[in-house]
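Engineer: Questions regarding the structure given below will be posed in turn.
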Amino acid sequence: MIYKTDYHIHSWFSDGKAPPEEYIPSAVSAGISEIGFAEHLTLFRGMLEWSMDAPDVEPYMRHIKALREKEKGIKIKTGLEIDYFPGKEGEILSCISGTDLDFAIGSVHYLGDNPVDLAPGYYEGKDINHIFELYFGQVIEAAASGLFDIIAHCDLVRIYGYKPSSDPEPLYRKLARSFKKYDVAFEVNTNGRNRPIGDFYPDGRFLPIFREEGVPVCVNSDAHMPSRVGQYFDEAYDLVRKAGYTEMAVFDKRQRFMVPFD
Ligand SMILES: [Zn+2]
Ligand SMILES: [Zn+2]
(Lines give C-alpha, C1' and ligand atoms only; values in the text may rest on other atoms or scores of the structure.)
(Ligands and ions follow the chains in the order given, each with its own letter.)
Protein backbone atom coordinates (compact mmCIF):
# COMPACT_ATOMS: atom_id res chain seq x y z
CA MET A 1 0.00 0.00 0.00
CA ILE A 2 1.21 3.49 -0.84
CA TYR A 3 1.99 5.73 2.13
CA LYS A 4 -0.26 8.64 1.22
CA THR A 5 0.18 12.19 2.41
CA ASP A 6 -1.97 15.22 1.68
CA TYR A 7 0.00 18.35 2.50
CA HIS A 8 -2.16 21.02 0.91
CA ILE A 9 -5.30 21.58 2.98
CA HIS A 10 -7.09 24.87 3.60
CA SER A 11 -9.28 25.17 6.69
CA TRP A 12 -11.18 28.24 7.81
CA PHE A 13 -7.90 29.69 9.12
CA SER A 14 -7.63 30.90 5.51
CA ASP A 15 -10.23 30.24 2.79
CA GLY A 16 -11.33 26.69 3.63
CA LYS A 17 -14.91 25.93 4.60
CA ALA A 18 -14.47 24.10 7.92
CA PRO A 19 -12.34 24.01 11.07
CA PRO A 20 -9.21 21.80 10.90
CA GLU A 21 -10.87 19.17 13.14
CA GLU A 22 -13.44 18.36 10.48
CA TYR A 23 -10.82 17.35 7.92
CA ILE A 24 -9.43 14.54 10.07
CA PRO A 25 -12.20 11.93 9.61
CA SER A 26 -12.17 12.56 5.83
CA ALA A 27 -8.42 12.02 5.70
CA VAL A 28 -8.70 8.79 7.68
CA SER A 29 -11.44 7.44 5.45
CA ALA A 30 -9.48 8.42 2.32
CA GLY A 31 -6.59 6.26 3.57
CA ILE A 32 -4.28 9.22 4.11
CA SER A 33 -1.42 8.57 6.57
CA GLU A 34 -0.39 12.20 7.00
CA ILE A 35 -2.52 15.30 6.65
CA GLY A 36 -0.83 18.68 6.41
CA PHE A 37 -2.56 22.04 6.70
CA ALA A 38 -1.22 24.74 4.37
CA GLU A 39 -3.13 27.95 4.97
CA HIS A 40 -2.63 30.87 2.65
CA LEU A 41 -0.12 33.46 3.75
CA THR A 42 -0.26 36.26 1.20
CA LEU A 43 1.70 39.28 2.39
CA PHE A 44 2.15 42.67 0.69
CA ARG A 45 -1.32 42.82 -0.84
CA GLY A 46 -3.29 44.28 2.05
CA MET A 47 -5.98 42.43 3.98
CA LEU A 48 -7.27 39.63 1.79
CA GLU A 49 -10.28 37.59 2.73
CA TRP A 50 -8.73 34.36 1.46
CA SER A 51 -5.48 34.68 3.36
CA MET A 52 -4.05 34.86 6.85
CA ASP A 53 -1.85 37.81 7.75
CA ALA A 54 1.44 37.64 9.61
CA PRO A 55 -0.15 37.96 13.12
CA ASP A 56 -2.45 34.99 12.38
CA VAL A 57 0.40 32.54 11.89
CA GLU A 58 1.23 31.91 15.53
CA PRO A 59 -2.36 31.17 16.74
CA TYR A 60 -2.87 28.93 13.69
CA MET A 61 0.25 26.95 14.48
CA ARG A 62 -0.78 26.63 18.12
CA HIS A 63 -4.18 25.32 17.05
CA ILE A 64 -2.71 22.64 14.77
CA LYS A 65 -0.26 21.61 17.47
CA ALA A 66 -3.10 21.11 19.96
CA LEU A 67 -5.03 19.11 17.36
CA ARG A 68 -1.99 16.90 16.80
CA GLU A 69 -1.80 16.14 20.49
CA LYS A 70 -5.47 15.16 20.55
CA GLU A 71 -5.73 13.13 17.34
CA LYS A 72 -3.51 10.10 17.56
CA GLY A 73 -5.01 8.12 14.67
CA ILE A 74 -3.27 10.12 11.94
CA LYS A 75 -0.12 12.19 11.60
CA ILE A 76 -0.90 15.90 11.43
CA LYS A 77 1.61 18.30 9.91
CA THR A 78 1.78 22.09 9.94
CA GLY A 79 2.49 23.97 6.76
CA LEU A 80 1.78 27.22 4.96
CA GLU A 81 1.05 28.07 1.35
CA ILE A 82 3.03 31.26 0.96
CA ASP A 83 2.74 33.60 -2.02
CA TYR A 84 6.13 34.30 -3.49
CA PHE A 85 6.78 37.90 -4.54
CA PRO A 86 10.12 38.72 -6.17
CA GLY A 87 12.26 41.00 -4.04
CA LYS A 88 10.31 40.21 -0.85
CA GLU A 89 12.38 37.20 0.21
CA GLY A 90 13.69 38.86 3.37
CA GLU A 91 10.24 39.81 4.68
CA ILE A 92 8.86 36.34 3.93
CA LEU A 93 11.81 34.73 5.67
CA SER A 94 11.42 36.85 8.77
CA CYS A 95 7.73 35.96 8.92
CA ILE A 96 8.35 32.20 8.96
CA SER A 97 11.72 31.85 10.63
CA GLY A 98 11.58 30.51 14.15
CA THR A 99 8.19 28.86 13.51
CA ASP A 100 7.55 25.15 13.91
CA LEU A 101 6.66 24.45 10.29
CA ASP A 102 6.89 20.94 8.89
CA PHE A 103 6.94 22.30 5.35
CA ALA A 104 6.58 25.57 3.45
CA ILE A 105 4.74 25.50 0.13
CA GLY A 106 5.67 28.27 -2.27
CA SER A 107 2.99 29.52 -4.64
CA VAL A 108 2.78 31.98 -7.45
CA HIS A 109 -0.77 33.35 -7.75
CA TYR A 110 0.22 36.90 -8.73
CA LEU A 111 2.06 38.29 -11.70
CA GLY A 112 2.67 41.85 -10.62
CA ASP A 113 -0.49 43.14 -8.98
CA ASN A 114 -2.85 40.69 -10.61
CA PRO A 115 -3.85 37.19 -9.53
CA VAL A 116 -3.82 34.79 -12.49
CA ASP A 117 -6.49 32.50 -11.05
CA LEU A 118 -9.33 34.87 -10.13
CA ALA A 119 -11.04 35.41 -13.49
CA PRO A 120 -10.42 34.57 -17.15
CA GLY A 121 -10.44 38.28 -17.97
CA TYR A 122 -6.80 38.41 -16.93
CA TYR A 123 -5.88 36.46 -20.08
CA GLU A 124 -8.13 38.17 -22.61
CA GLY A 125 -6.25 40.08 -25.27
CA LYS A 126 -2.88 39.15 -23.80
CA ASP A 127 0.05 37.32 -25.38
CA ILE A 128 -0.36 33.88 -23.80
CA ASN A 129 3.18 32.81 -24.72
CA HIS A 130 4.44 35.78 -22.78
CA ILE A 131 2.21 35.03 -19.77
CA PHE A 132 3.47 31.44 -19.66
CA GLU A 133 7.07 32.63 -19.83
CA LEU A 134 6.50 35.17 -17.08
CA TYR A 135 4.68 32.69 -14.89
CA PHE A 136 7.21 29.87 -15.26
CA GLY A 137 9.99 32.41 -14.72
CA GLN A 138 8.48 33.57 -11.46
CA VAL A 139 7.98 29.98 -10.28
CA ILE A 140 11.67 29.37 -10.95
CA GLU A 141 12.50 32.45 -8.86
CA ALA A 142 10.33 31.04 -6.06
CA ALA A 143 12.27 27.76 -6.19
CA ALA A 144 15.57 29.64 -6.25
CA SER A 145 14.62 31.75 -3.23
CA GLY A 146 15.41 28.86 -0.89
CA LEU A 147 12.30 29.73 1.14
CA PHE A 148 10.23 26.70 0.17
CA ASP A 149 10.17 22.91 0.42
CA ILE A 150 7.38 22.29 -2.10
CA ILE A 151 6.23 24.34 -5.09
CA ALA A 152 2.45 24.42 -5.56
CA HIS A 153 0.48 24.03 -8.82
CA CYS A 154 3.50 24.94 -10.94
CA ASP A 155 1.50 25.60 -14.12
CA LEU A 156 -1.50 27.41 -12.59
CA VAL A 157 -1.65 29.64 -15.69
CA ARG A 158 -3.41 26.74 -17.43
CA ILE A 159 -6.45 27.38 -15.21
CA TYR A 160 -8.73 28.88 -17.85
CA GLY A 161 -7.51 26.74 -20.73
CA TYR A 162 -5.50 29.42 -22.51
CA LYS A 163 -2.63 27.73 -24.33
CA PRO A 164 0.67 28.97 -25.69
CA SER A 165 0.99 28.74 -29.46
CA SER A 166 4.21 26.74 -29.32
CA ASP A 167 4.98 23.49 -27.50
CA PRO A 168 5.56 24.36 -23.82
CA GLU A 169 7.81 21.34 -23.20
CA PRO A 170 11.02 23.44 -23.00
CA LEU A 171 9.39 25.55 -20.27
CA TYR A 172 8.62 22.41 -18.25
CA ARG A 173 12.16 21.10 -18.79
CA LYS A 174 13.65 24.35 -17.54
CA LEU A 175 11.28 24.37 -14.58
CA ALA A 176 12.09 20.77 -13.60
CA ARG A 177 15.83 21.42 -13.87
CA SER A 178 15.54 24.43 -11.60
CA PHE A 179 13.51 22.46 -9.04
CA LYS A 180 16.28 19.87 -8.96
CA LYS A 181 18.98 22.50 -8.75
CA TYR A 182 17.32 24.36 -5.90
CA ASP A 183 16.27 21.12 -4.19
CA VAL A 184 12.50 21.64 -3.98
CA ALA A 185 9.72 19.10 -4.46
CA PHE A 186 6.69 19.76 -6.64
CA GLU A 187 3.11 18.63 -6.20
CA VAL A 188 0.59 16.90 -8.37
CA ASN A 189 -2.36 19.10 -7.39
CA THR A 190 -5.65 17.28 -7.92
CA ASN A 191 -7.82 20.36 -7.24
CA GLY A 192 -7.30 21.54 -10.81
CA ARG A 193 -9.96 18.95 -11.65
CA ASN A 194 -12.50 21.12 -9.78
CA ARG A 195 -11.39 24.31 -11.55
CA PRO A 196 -12.19 25.51 -15.09
CA ILE A 197 -9.25 23.58 -16.59
CA GLY A 198 -10.71 20.28 -15.27
CA ASP A 199 -7.26 18.72 -15.04
CA PHE A 200 -4.50 18.20 -12.50
CA TYR A 201 -1.53 20.55 -12.19
CA PRO A 202 0.96 20.10 -13.71
CA ASP A 203 -0.09 18.91 -17.16
CA GLY A 204 0.29 15.10 -16.92
CA ARG A 205 2.06 14.96 -20.29
CA PHE A 206 5.09 16.52 -18.67
CA LEU A 207 5.29 14.46 -15.46
CA PRO A 208 8.00 12.18 -16.93
CA ILE A 209 10.17 15.28 -17.36
CA PHE A 210 10.09 15.94 -13.62
CA ARG A 211 10.99 12.28 -13.05
CA GLU A 212 13.85 12.37 -15.57
CA GLU A 213 15.26 15.45 -13.89
CA GLY A 214 15.02 13.78 -10.46
CA VAL A 215 12.54 16.17 -8.83
CA PRO A 216 10.82 14.77 -5.70
CA VAL A 217 7.03 14.62 -5.88
CA CYS A 218 4.03 14.92 -3.52
CA VAL A 219 0.37 14.35 -4.32
CA ASN A 220 -1.87 17.04 -2.80
CA SER A 221 -5.59 17.76 -2.94
CA ASP A 222 -5.54 21.53 -2.21
CA ALA A 223 -8.85 20.76 -0.47
CA HIS A 224 -10.93 23.71 0.73
CA MET A 225 -13.58 21.43 2.26
CA PRO A 226 -13.36 18.12 4.14
CA SER A 227 -15.02 16.08 1.38
CA ARG A 228 -12.15 16.86 -0.99
CA VAL A 229 -9.27 15.55 1.13
CA GLY A 230 -7.45 12.92 -0.92
CA GLN A 231 -9.77 13.52 -3.88
CA TYR A 232 -8.70 11.75 -7.13
CA PHE A 233 -5.63 10.35 -5.37
CA ASP A 234 -5.82 6.85 -6.92
CA GLU A 235 -5.68 8.42 -10.34
CA ALA A 236 -2.92 10.85 -9.37
CA TYR A 237 -0.71 8.15 -7.82
CA ASP A 238 -1.27 6.06 -10.94
CA LEU A 239 0.01 8.92 -13.09
CA VAL A 240 3.00 9.42 -10.82
CA ARG A 241 3.89 5.72 -11.04
CA LYS A 242 3.47 5.69 -14.80
CA ALA A 243 5.85 8.65 -14.99
CA GLY A 244 8.44 6.36 -13.36
CA TYR A 245 8.33 7.53 -9.76
CA THR A 246 8.99 4.87 -7.10
CA GLU A 247 8.94 7.04 -3.97
CA MET A 248 7.22 10.05 -2.47
CA ALA A 249 8.55 13.05 -0.56
CA VAL A 250 7.52 13.25 3.10
CA PHE A 251 8.26 16.23 5.34
CA ASP A 252 8.85 16.67 9.03
CA LYS A 253 10.15 19.88 10.64
CA ARG A 254 11.29 21.03 7.21
CA GLN A 255 13.37 17.92 6.59
CA ARG A 256 12.55 15.85 3.53
CA PHE A 257 12.48 12.05 3.58
CA MET A 258 11.77 9.75 0.68
CA VAL A 259 9.27 6.94 1.26
CA PRO A 260 9.20 4.15 -1.35
CA PHE A 261 5.90 2.85 -2.76
CA ASP A 262 4.75 -0.52 -1.38
ZN1 LIG B 1 -2.63 28.04 -4.49
ZN1 LIG C 1 -3.93 26.06 -1.95
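The values are calculated or read from the model by the stated rules, or taken from the named source; none is laboratory data. For clarity, every value in this text was computed on a predicted model and none was experimentally measured. Cβ atoms come from the backbone with ideal geometry, glycine included; neighbour counts cover every protein chain shown. Heads up: the accessible areas ignore ligands, DNA and RNA and are worked out on the full protein's heavy atoms, side chains in. Shrake-Rupley method; radii C 1.70, N 1.55, O 1.52, S 1.80 Å.
Engineer: Name the one entry in Ser178, Ser165, Ser221 that is away from ligand 2 (no atom under 16 Å from the Cβ), of a type outside the set (Val, Ile, Thr) and within 17 Å of the chain's Cα centre (by Cα).
Structural biologist: Ser178
Engineer: Taking the criterion of being within 16 Å of ligand 2 (Cβ to nearest atom) and open to solvent by 10 Å² or more (accessible area, probe 1.4 Å), would at least one residue in the stretch 123-144 satisfy it?
Structural biologist: No.
Engineer: Taking the criterion of being within 21 Å of Leu80 (Cα to Cα) and modelled with pLDDT of 95 or more, would at least one residue in the stretch 161-175 satisfy it?
Structural biologist: Kept after step one, since they are within 21 Å of Leu80 (Cα to Cα), are these residues of the stretch 161-175: none.
No, because not a single residue in the stretch 161-175 is within 21 Å of Leu80 (Cα to Cα) and modelled with pLDDT of 95 or more.
Engineer: Also, quick follow-up: Tell me the residue from Val184, Val215, Val139 that is within 26 Å of Glu34 (Cβ to Cβ), away from ligand 1 (no atom under 16 Å from the Cβ) and touching a helix residue (DSSP H, G or I) at 6+ places or on another chain (Cβ under 7 Å), please.
Structural biologist: Details: Val184 fails: away from ligand 1 (no atom under 16 Å from the Cβ); Val139 fails: away from ligand 1 (no atom under 16 Å from the Cβ).
Of Val184, Val215, Val139, the one residue that is within 26 Å of Glu34 (Cβ to Cβ), away from ligand 1 (no atom under 16 Å from the Cβ) and touching a helix residue (DSSP H, G or I) at 6+ places or on another chain (Cβ under 7 Å) is Val215.
Engineer: Give the number of residues within the stretch 53-74 that are under 24 Å from Arg256 (Cβ atoms), touching a helix residue (DSSP H, G or I) at 6+ places or on another chain (Cβ under 8 Å) and open to solvent by 30 Å² or more (accessible area, probe 1.4 Å).
Structural biologist: 1
Engineer: Here are the criteria: (1) of a type in the set (Phe, Trp, Tyr); (2) open to solvent by 10 Å² or more (accessible area, probe 1.4 Å); (3) closer than 20 Å to Glu235 by Cβ. Tell me which single one Trp50 does not satisfy.
Structural biologist: So the condition that Trp50 fails would be (3).
Engineer: While we're on this one: Mind checking which residues of the stretch 141-159 are of a type outside the set (A, V, I, L, M) and not in a loop (DSSP other than H, G, I, E, B)?
Structural biologist: First pass over the stretch 141-159, keeping only residues of a type outside the set (A, V, I, L, M): 141, 145-146, 148-149, 153-155, 158.
Selection gives Glu141, Arg158.
Engineer: Got a sec? Which strands (runs of 3 or more DSSP E) wholly within the stretch 188-262 have at least 1 residues that are buried (at least 18 other Cβ atoms within 10 Å of the Cβ)?
Structural biologist: So the answer is 217-220, 247-252.
Engineer: Let me ask something additional. Go through the stretch 1-21 and report how many residues are within 13 Å of ligand 1 (Cβ to nearest atom), within 18 Å of Thr190 (Cα to Cα) and outside any strand (DSSP E or B). Reasoning before the result, please.
Structural biologist: Taking the stretch 1-21 as the starting set, the residues that turn out to be within 13 Å of ligand 1 (Cβ to nearest atom) are 7-10, 14-16.
Going one step further and asking which of them are within 18 Å of Thr190 (Cα to Cα), we end up with 7-10, 15-16.
Imposing the further condition that a residue be outside any strand (DSSP E or B) reduces the set to 10, 15-16.
Residues that pass the stated criteria total 3.
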